[in-house]
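Beneath this line is the structure, given in structure tokens, with notes to follow.
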Amino acid sequence: MSADNEEKGFEMFELLAAMLLGLGAIGAAIAAFQGGLWDGKMIESFGDAQTTATKASTAYNEAMVTTAHDSAVDIQAKKLILEGLDAGDGATRDRSFEMAGYLYAFQMSEEGYKAFGFPAEDRSPEKAKEVTQPGSMDVLPDEMLVAALEKELDENYEEALFAEGLKLFGESDKKFSEGRNANEVGDKFDLLTVIYAISLFFAGLGLVFKTKIRWQFMLGGAIVFLGGTVYLITLPWA
């Protein structure tokens, strides 16, 4: 009778050990699969961050070049306006004002043109066609050109010009943060794979022993498995 009980106990232990080994293997497989998915997200996010950062640098550098160009145009136009005001004859004055208006209307960027408050219709494609004709360089009203002497390319102009680059830099930082977060979550799933492997180790080791100590190894493996499963529940899945 005792032999039958011992055989039944032995079969029960092997059944529990087999279940723990199977569940541990499934848990390790899930953890490895999720870790791979999060690693893929990390690579994708870092790649997007790098691409966006390159675009942001390009846009920012273009804005820097445009700023320098607009400043040079503004200086040259103001010089012409002052020369026109100081001119002794009307023809010289008109010519200086016409050239200043042309510089502001067709050589300055859209953001710079708006910063001075010039009318949009004087920068239209139709107006551009008109100034290509001889004697049609009078683009902006004289009073607006004189008023431009008191205006500068202000902070609103810089914000509008650099907005695209700064926006892309923000998107790049966001993508990089997403990649870093994915890397951290992937590392946690890798750790979980190790935890399940430890539970498999204890369960397998219990099968080696034929004494009651095998139940202690089984209990240790079960505790590790349950701890890993609780940890798995707390992690975000890809």
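If you go through the range 140-185, how many residues are closer than 19 Å to residue 106 by Cα and not in a helix (DSSP H, G or I)?
Selection size over the range 140-185: 5.
Looking only at the range 60-102, how many residues end up being farther than 25 Å from residue 155 by Cβ, in a helix (DSSP H, G or I) and of a type in the set (D, E, K, R)?
Of the residues in the range 60-102, 6 are farther than 25 Å from residue 155 by Cβ, in a helix (DSSP H, G or I) and of a type in the set (D, E, K, R).
Go through (1) in contact with a Ser or Thr (Cβ under 9 Å, 6 or more places away or on another chain); (2) part of a helix (DSSP H, G or I); (3) over 30 Å from residue 15 (Cβ atoms); (4) touching a residue at least 60 places away in the same chain (Cβ under 8 Å) and name the single condition residue 225 misses.
Tallying (1) in contact with a Ser or Thr (Cβ under 9 Å, 6 or more places away or on another chain); (2) part of a helix (DSSP H, G or I); (3) over 30 Å from residue 15 (Cβ atoms); (4) touching a residue at least 60 places away in the same chain (Cβ under 8 Å), residue 225 fails exactly one: (3).
Would it be correct to say that residue 28 is surrounded by 15 or more Cβ atoms within 10 Å (Cβ to Cβ), within 35 Å of the chain's Cα centre (by Cα) and under 30 Å from residue 223 (Cα atoms)? Can you show your working first?
Details: surrounded by 15 or more Cβ atoms within 10 Å (Cβ to Cβ): yes; within 35 Å of the chain's Cα centre (by Cα): yes; under 30 Å from residue 223 (Cα atoms): yes.
Criteria met by residue 28.
Quick one: in the range 103-131, which of the residues that are surrounded by fewer than 18 Cβ atoms within 10 Å (Cβ to Cβ), of a type outside the set (Asp, Glu) and closer than 22 Å to residue 67 by Cβ is modelled with the lowest pLDDT?
So, considering only residues that are surrounded by fewer than 18 Cβ atoms within 10 Å (Cβ to Cβ), of a type outside the set (Asp, Glu) and closer than 22 Å to residue 67 by Cβ, the one modelled with the lowest pLDDT is 120.
Under 7 Å between Cβ atoms, at least 6 apart or on separate chains: pull out the pairs that start in the range 79-104 with a residue that is farther than 11 Å from residue 148 by Cβ and end on any residue that is surrounded by fewer than 17 Cβ atoms within 10 Å (Cβ to Cβ) and modelled with pLDDT of 90 or more.
Within 7 Å, the pairs are 96/83.
Taking residue 200 as meeting all but one of (1) under 20 Å from residue 23 (Cβ atoms); (2) modelled with pLDDT under 90; (3) out of contact with any Phe, Trp or Tyr (no Cβ under 8 Å at 6 or more places or on another chain), write down the number of the exception.
With respect to (1) under 20 Å from residue 23 (Cβ atoms); (2) modelled with pLDDT under 90; (3) out of contact with any Phe, Trp or Tyr (no Cβ under 8 Å at 6 or more places or on another chain), residue 200 is out only on (2).
Going by the conditions given, is residue 14 over 29 Å from the mean Cα position of the chain (by Cα), crowded, with 16+ Cβ neighbours inside 10 Å and in a helix (DSSP H, G or I)?
no
Of all residues in the range 170-225, which are among the β-branched types (Val, Ile, Thr) and surrounded by 14 or more Cβ atoms within 10 Å (Cβ to Cβ)?
185, 193, 195, 198, 224
The values are calculated or read from the model by the stated rules, or taken from the named source; none is laboratory data. As the structure is a prediction and not an experimental result, all values here were calculated from the model. Cβ sites come from the backbone with ideal geometry, for glycine too, and all protein chains shown count toward neighbours.
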